[in-house]
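Structure, as structure tokens:
The values are calculated or read from the model by the stated rules, or taken from the named source; none is laboratory data. Since this is a predicted model, take the numbers as computed values, not measurements. Glycine also receives a Cβ, built like all others from the backbone with ideal geometry; neighbour counts cover every protein chain displayed. Side chains are part of the model used for accessible areas, which takes the heavy atoms of the whole protein and leaves out ligands, DNA and RNA. Shrake-Rupley method; radii C 1.70, N 1.55, O 1.52, S 1.80 Å.
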Amino acid sequence: MNRYWSNLVSSLQPYTPGEQPQDQQYIKLNTNESPYPPSPRVTEVMQTFDYSRLARYPDPESRDLVKALADRHQLQPDQVFVGNGSDEVLAHCFQAFFKQTMSILFPDISYSFYPVYCSLFQIEYRQPELDDQFRIRLDDYATDNGGIIIPNPNAPTGIALELGQIRSLLENNRDSVVIIDEAYVDFGAQSACQLIDEFDNLLVVQTFSKSRSLAAIRIGFACGNRLLIEALQRVKNSFNSYPISSLNQAAAIAAVEDEEYFQQTRRRIIDNREQLTRELQTMDFEVLPSSANFVFAEHRRLHAEDLYQRLKSAGILVRYFNKQRINNHLRISVGDETECQALTRALQAITNER
Ligand SMILES: Cc1ncc(COP(=O)(O)O)c(C=O)c1O
């Protein structure tokens, strides 16, 4: 608090990202990044990039990247918007579409940035409860609202809705914008991109931070009807005209074009997740059915916060949320084969001891 702060700034409770420790080498299974490096084509493009281009501003509309994404998702370029990480794209969406006269809806257990955007942009919200198996109850969303945002798969549960369920959500909500946040869709859920031509109120948001192994370059994108995309451009061009550097744009295009590498790493992460799930179950964890690159698990005897601390002491970071309903769960990002083995060994040592 400071006397120069606005009332709005004083009232904010900013988002707390997962720890990014700089002091010690941890096995990092706490922020759902990819354990694998980006495509070798990305490295090549970055190494051969003409650095004299950095003296100039980049293309404000990142047209080459937009075109590559439109081709990849069988859309037109005017149906795609790119931004500096999907967090920024989401922030623009909240400003562009969510009405301040009616509450927007998102699940009580969901991505914890959504309430932060609501307080930043002064948007009222309601959070329908997940059921006792942590699933979204679609009936709760068949009611008047100022907009809907749902991650699919949901975070931190990892549970996905099926395409038919997303379709019925859209059918029940023709008068407000429905945003499907598909940060983790490539690990086992169906993308709603294929419904875009049918529903002019649907916006699908994806990221390069997970399945494309490019969290550091901060690129996210939205796909939807061209009038929704135009709204996002209006917000962007009232905020920051050049959100994506020319170097990052080149890297992202190389990643989109390497479909084979994308499929390989995505598959490996899914395989590691299935293996990790089985290992956790044999150690007495209950694991929710995950379609993401993380699992959400609760031990039948040991408390999650204690497990989190013990793992941290053993050099392994996982995510613990001290929040009602989920304060006995751990969210564990799926690592590479060696990291998953290290986690399993550490957990075996802890669980056998007690
Ligand atoms: C559900 C969800 N949406 C969006 C994001 C933001 O991703 P980024 O800003 O790295 O694109 C995250 C990050 O963890 C997430 O979990």
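Under 14 Å from the Cα of Lys28, which aspartates and glutamates turn up, not counting those fewer than eight places away in the same chain?
Lys28 reaches Glu19, Asp336, Glu337, Glu339.
Give the cross-link partners of Lys323 among the aspartates and glutamates, using a straight C-alpha distance below 13 Å as the criterion and excluding same-chain residues fewer than 8 apart.
Asp108, Glu305
Where does the chain land at 222 nm, in deg cm²/dmol rounded to the nearest 500, when only DSSP H runs of n ≥ 4 count, each adding -39500 (n - 2.57), divided by all residues? Write down the numbers at each step before the final one.
Details: 11 runs with 128 residues, N = 354.
Helix-only estimate at 222 nm: -11000 deg cm²/dmol.
Averaged per residue, what accessible area in Å² does the chain show with a 1.4 Å probe, protein chains only? Before the final figure, lay out the partial values.
Numbers: 16910 Å² over 354 residues.
Here the per-residue accessible area is 48 Å².
Could you sort the peptides 188-200, 127-139, 258-270 by per-residue average Cβ neighbour count (10 Å cutoff), highest mean leading? The partial results should precede the final answer.
Details: 188-200: 18.0, 127-139: 14.5, 258-270: 16.5.
Final packing ranking: 188-200, 258-270, 127-139.
Determine the dipole magnitude for region 1-122: charges of +1 sit on the beta-carbon of Lys and Arg, -1 on that of Asp and Glu, nothing else is charged, the reference point is the Cα centre, and the result goes in debye to the nearest 20. Display every interim value, and only then the final one.
Numbers: 9 positive and 13 negative charges, 47 e Å.
The calculation lands at about 220 debye.
Just to be sure I understand the curve: with the Debye formula and one point per C-alpha of region 259-354, what is log10 I(q)/I(0) at q = 0.10, 0.12, 0.18, 0.24 Å⁻¹?
With one equal scatterer per Cα and no solvent, log10 I(q)/I(0) is -0.25, -0.36, -0.79, -1.34.
By Kyte-Doolittle mean hydropathy of at least -0.5 and Cα axial length of at least 20 Å, which whole DSSP H helices of the chain are selected? Mind dumping the intermediate values first?
Details: long enough: 259-282 (35 Å, -1.73); 337-353 (24 Å, -0.45).
Once both thresholds are applied, what remains is 337-353.
Using 0.36 nm per residue of separation minus the Cα-Cα distance, give me the extension gain between Gln341 and Leu138 in nm, one decimal. All intermediate terms of the calculation are to be shown ahead of the outcome.
Working: separation 203, 0.36 × 203 = 73.08 nm, distance 3.75 nm.
Stretched fully, the Gln341-Leu138 segment lengthens by 69.3 nm.
Please give the Cα centre distance for region 88-122 versus region 271-315, rounded to the nearest Å.
30 Å
Given R₀ = 45 Å, what would the calculated FRET efficiency be for Ser11 paired with Asp78, taking r from the Cβ atoms and rounding to 0.05?
On the way: r = 37 Å, r/R0 = 0.83.
That gives a FRET efficiency of 0.75.
So in the chain, what percent of DSSP beta bridges are antiparallel if you round to the nearest 5?
On the way: 18 of 31 bridges.
Antiparallel bridges: around 60 percent, rounded to the nearest 5.
What FRET efficiency comes out for the pair Arg325/Met283, r = Cβ-Cβ distance, R0 = 25 Å, nearest 0.05? Walk me through the numbers on the way to the answer.
Values: r = 23 Å, r/R0 = 0.91.
The formula returns an efficiency of 0.65 here.
Rounded to the nearest 20 Debye, what is the dipole magnitude of region 227-354 about its Cα centre when Lys and Arg each give +1 and Asp and Glu each give -1 at the C-beta?
Charge dipole of region 227-354: 580 debye, to the nearest 20.
With +1 on each Lys and Arg Cβ and -1 on each Asp and Glu Cβ, how big is the dipole of the chain about its Cα centre, in debye rounded to the nearest 20? Write out the running numbers ahead of the final one.
Details: 35 positive and 46 negative charges, 160 e Å.
Dipole of the chain, to the nearest 20 debye: 760 debye.
Can you figure out the FRET efficiency of Glu198 with Ser112, using R₀ = 30 Å and their beta-carbon distance, to the nearest 0.05? Walk me through the numbers on the way to the answer.
On the way: r = 31 Å, r/R0 = 1.03.
The calculated FRET efficiency here is 0.45.
Rg/Rh for region 183-287: what does it come to with C-alpha atoms and Rh from Kirkwood? Let's see the in-between values first.
Details: Rg = 17.3 Å, Rh = 16.2 Å.
Computed over Cα atoms, the ratio is 1.07.
List the GluC sites (Glu not before Pro) in region 1-85 that DSSP assigns to loop (not H, G, I, E or B) and whose Cβ has at most 14 other Cβ atoms within 10 Å. Which are they?
Details: sites: Glu19, Glu33, Glu44, Glu61; in loops: Glu19, Glu33, Glu61.
When the GluC sites (Glu not before Pro) of region 1-85 are filtered for loop state and at most 14 Cβ neighbours within 10 Å, Glu19 remain.
Can you tell me the Rg and the Dmax, both Å, for the Cα atoms in region 121-188?
Radius of gyration, then largest Cα-Cα span, for region 121-188: 12.0, 34 Å.
Quick one: what do you get for the chain if you divide its Cα Rg by 2.2 N^0.38 Å?
On the way: Rg = 20.5 Å, N = 354, 2.2 N^0.38 = 20.5 Å.
The value comes to 1.00.
Using the charge dipole of region 214-354 (Lys, Arg: +1 at Cβ; Asp, Glu: -1 at Cβ; taken about the Cα centre), state which of His303, Ile270, Ser290 has its Cα farthest towards the positive end.
Checking the options against the dipole of region 214-354, the answer is His303.
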